[in-house]
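Chemist: Shown below is the structure under consideration.
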Amino acid sequence: MLETFHPHIQVTTNISDDLSLVEGDPTQLHQVLVNLCVNARDAMSEGGILNIAAPDSVVEGMHPDRAPGASEEHYCLVEITDTGHGIEPDILPQIFDPFFTQKPTGTGIGLSSAQSIVTTHGGFIDVQTEPGQGSTFRVFLPAHGKAGDEVIDATGAVDYRGNGEKILVVDDGQIVRKALSQMLGECGYDVLLAADGQEAIDLFHEQRDAIAMVLTDIKMPVMDGPELLRQLKSIDPCVRVVATSGVNSPDSKDAAMSAGAAAFIPKPYTTIELLRTLWTGDTPSHHES
């Protein structure tokens with residue numbers, strides 16, 4: 001992702017050699033860091049410095065208004081700092097509101113989604129910014145021992161691992177496709193990727209007999225999820241499709257289910273929620289913590 005940044009943006013890192021472990025969903029936490037880095041990039045349209053730091057941190061004396069989720073004593077800290085235009089004081093209280101954005105294009109759900117993910121992991125985000133001087137987003141996540149300690153899979157994901165089944169993942173977000181490919185691959189699935197509905201149809205025609213199931217986003221250009229579902233069903237009425245969307249509304253779910261989806265899972269989801277849905281075909285009734 002960082003290799004796509006403007007050449008006038010210098011990326012630096014400062015990562016501790018003795019980081020604490022964090023218990024969480026790697027796909028979701030990757031999404032948080034990507035969102036923050038992209039926002040930092042967009043704040044430096046004329047170039048600047050993006051620094052990614054990960055020192056260990058003990059939270060002491062944090063103001064409750066700035067860190068309402070601070071209940072643990074020891075947190076792992078990740079800092080994303082830019083030298084961009086900063087955030088105006090009158091706008092700062094709104095930046096985590098759903099659909100709030102200052103960008104000419106975009107949904108504005110990036111920071112809202114990041115905060116939601118971090119909160120469900122028991123952490124919080126603190127922002128330090130000054131107009132004209134840049135911003136630092138500090139992500140605090142509860143620490144669970146040190147690297148090298150015994151790690152136990154608390155997610156239960158082992159119960160829902162694949163066994164080499166080929167799954168066609170359809171999403172117009174390159175970062176999402178990459179993250180899902182890595183996560184599902186590590187969990188025993190053979191992953192086939194498509195960037196839009198038409199590409200998915202072409203791949204399904206070519207490898208219909210090998211594809212065990214399809215995971216598709218609902219909101220996509222070229223061909224949206226419901227239309228993709230209808231065309232897949234016309235090719236193979238028995239195809240198993242799980243639909244997903246970042247717009248968690250009854251309309252999105254209803255459109256997917258009426259087009260023939262076996263299940264619908266709203267974003268953001270945890271690894272165990274996705275694996276269980278792929279395995280059982282059951283729509284999660286709520287996000288699991």
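Chemist: Just need a number here: residues in the range 262-282 that are of a type in the set (S, T, N, Q) and surrounded by fewer than 19 Cβ atoms within 10 Å (Cβ to Cβ).
Modeler: Our first condition is that a residue be of a type in the set (S, T, N, Q); within the range 262-282, this holds for 270-271, 277, 280.
Among the residues that remain, those that are also surrounded by fewer than 19 Cβ atoms within 10 Å (Cβ to Cβ) are: 280.
Total satisfying the criteria: 1.
Chemist: Among the residues that make up the range 227-241, is at least one of them among the aliphatic types (A, V, I, L, M), in contact (Cβ under 8 Å) with a residue 60 or more places away in the chain, under 20 Å from residue 195 (Cβ atoms) and assigned by TED's automatic domain parsing to the domain that holds residue 181?
Modeler: Let us first name the residues in the range 227-241 that are among the aliphatic types (A, V, I, L, M), namely 228-229, 232, 235, 239, 241.
Next cut, in contact (Cβ under 8 Å) with a residue 60 or more places away in the chain only: none.
No, every residue in the range 227-241 fails to be among the aliphatic types (A, V, I, L, M), in contact (Cβ under 8 Å) with a residue 60 or more places away in the chain, under 20 Å from residue 195 (Cβ atoms) and assigned by TED's automatic domain parsing to the domain that holds residue 181.
Chemist: On the given criteria, is residue 274 within 22 Å of residue 112 (Cβ to Cβ) and either in contact with a His (Cβ under 7 Å, 6 or more places away or on another chain) or not small (Gly, Ala, Ser) (or both)?
Modeler: On the way: within 22 Å of residue 112 (Cβ to Cβ): yes; either in contact with a His (Cβ under 7 Å, 6 or more places away or on another chain) or not small (Gly, Ala, Ser) (or both): yes.
Yes: the conditions hold for residue 274.
Chemist: Say we look at the range 230-261 and pick out the residues that are of a type outside the set (D, E, K, R) and out of contact with any helix residue (DSSP H, G or I) (no Cβ under 9 Å at 6 or more places or on another chain); which of these is surrounded by the fewest Cβ atoms within 10 Å (Cβ to Cβ)?
Modeler: So the first thing to find is which residues in the range 230-261 are of a type outside the set (D, E, K, R), and the list is 231-232, 234-235, 237-239, 241-250, 252, 255-261.
Then drop every residue that is not out of contact with any helix residue (DSSP H, G or I) (no Cβ under 9 Å at 6 or more places or on another chain), which leaves 234, 237-238, 247-250, 257.
On the way: 234: 11, 237: 8, 238: 5, 247: 14, 248: 14, 249: 10, 250: 7, 257: 16.
Once the filter is applied, the top-ranked residue is 238.
Chemist: So is residue 183 more than 23 Å from residue 25 (Cα to Cα), within 20 Å of the chain's Cα centre (by Cα) and buried (at least 17 other Cβ atoms within 10 Å of the Cβ) or not?
Modeler: Working: more than 23 Å from residue 25 (Cα to Cα): no; within 20 Å of the chain's Cα centre (by Cα): yes; buried (at least 17 other Cβ atoms within 10 Å of the Cβ): yes.
Considered against the rule, which asks whether it is more than 23 Å from residue 25 (Cα to Cα), within 20 Å of the chain's Cα centre (by Cα) and buried (at least 17 other Cβ atoms within 10 Å of the Cβ), residue 183 comes out as no.
Chemist: While we're on this one: Considering (1) at pLDDT 80 or above; (2) over 21 Å from the mean Cα position of the chain (by Cα); (3) part of a strand (DSSP E or B), say which one residue 144 fails and leave the rest.
Modeler: Residue 144 satisfies every listed condition except (1).
Chemist: If residue 196 passes every condition in (1) surrounded by 15 or more Cβ atoms within 10 Å (Cβ to Cβ); (2) closer than 20 Å to residue 28 by Cα but one, which one does it miss?
Modeler: So residue 196 meets the others, but not (2).
Chemist: Another question, if that's okay. Given (1) within 22 Å of residue 271 (Cβ to Cβ); (2) of a type outside the set (Asp, Glu); (3) surrounded by fewer than 21 Cβ atoms within 10 Å (Cβ to Cβ), where does residue 201 come up short, assuming only one miss?
Modeler: Among (1) within 22 Å of residue 271 (Cβ to Cβ); (2) of a type outside the set (Asp, Glu); (3) surrounded by fewer than 21 Cβ atoms within 10 Å (Cβ to Cβ), the lone unmet condition for residue 201 is (1).
The values are calculated or read from the model by the stated rules, or taken from the named source; none is laboratory data. Note that the structure is predicted; figures quoted are calculated from it, not measured. Quick reminder, even Gly has a Cβ in these numbers, built from the backbone with ideal geometry, and neighbours come from all protein chains shown.
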